[in-house]
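Take a look at the structure set out below.
Just so it is clear, none of the values below were taken in a lab; they were calculated from the coordinates. It should be emphasised that the depicted structure is a prediction, and the values quoted were computed from it without experimental measurement. Positions of Cβ are generated from backbone atoms using ideal geometry, with glycine treated the same way; all protein chains shown enter the neighbour counts.
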C-alpha cells in the first residue's frame, strides 16, 4: 500500500494548501468584539482576523486584518488557542490561531472593506455560547478571559462546523 493510501483511510482527504487564519480576542469595556458576517443568507460571528498572506508574519497579518475589518489598531499578545477546521470532504483546511490583543488606537469603522461583514457586536463573555461563533470556541474563550495571564495556550484539535 502506498503511504498516501494509508493516510486517506485514516483521515479526511488533504486539500492542496492549508490556509492559516489569525484572529484576535479584543475586549472593550469587558465585552468581546465580534465581527458579524452574512454569507449565503446565514449570519455568524468571528473574532476579528483573517488569512495570512505569503511572506507575512502572523502578527503583521493580524495587524492588517484588524485594521481592515474594524478600523482599530491593536497590540498583539500571545497565542491563546490553536485549532484546525478540516472539512470532511477535504475541500478546506484552515489552521486557526487566536491571539490575545489589546486595542491601542483607531476607531471602530462604520464601513468595513469586506462586503460579508454586516457589523460588529460587543458581547458579554457569558453570552458567547449562544452565538454561531466560528470556529466554535466560545467555552475556550470564556476560560481564557476568566483565567487572564495564567491561561495556558491550548490546542483544540479539529473543530469543523457545517455551514
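Working out 0.36 nm times the residue gap between residue 92 and residue 56, then minus their Cα-Cα distance, what length gain in nm do you get to one decimal? Please report the intermediate quantities before stating the final value.
Details: separation 36, 0.36 × 36 = 12.96 nm, distance 2.10 nm.
So the extension gain works out to 10.9 nm.
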Q.
Please report the spacing between the Cα centers of the stretch 75-129 and the stretch 133-163 in Å, no decimals.
A. 11 Å
Q. Against the longest alpha carbon principal axis of the chain, how many degrees, from 0 to 90 and to the nearest 10, is the axis of helix 138-147 turned?
A. 50 degrees
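Tell me the mean residue ellipticity at 222 nm calculated for the chain from its helices only (DSSP H runs of n ≥ 4, each -39500 (n - 2.57), averaged over every residue, nearest 500). Walk me through the intermediate numbers first.
Details: 3 runs with 31 residues, N = 163.
About -5500 deg cm²/dmol.
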**Q.** Order of 69, 146 - criterion: other Cβ atoms within 10 Å of each residue's Cβ, fewest first
**A.** 146, 69
Q. When the Debye formula is applied to the Cα atoms of the chain, each taken as the same point scatterer, what base-10 log of I(q)/I(0) results at q = 0.17 Å⁻¹?
A. -1.05
Q: On a 0 to 90° scale, report how tilted helix 58-70 is relative to the longest principal axis of the chain, with both axes built from alpha carbons and the result rounded to the nearest 10.
A: 60 degrees
Q. When the chain is fully extended, how far beyond the present Cα-Cα distance does residue 42 get from residue 17, taking 0.36 nm per residue of separation?
A. 6.4 nm
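Taking the number of other C-beta atoms within 10 Å as the exposure measure, put 145, 66 in order starting with the fewest.
On the way: 145 18, 66 27.
Exposure proxy ranking, most exposed first: 145, 66.
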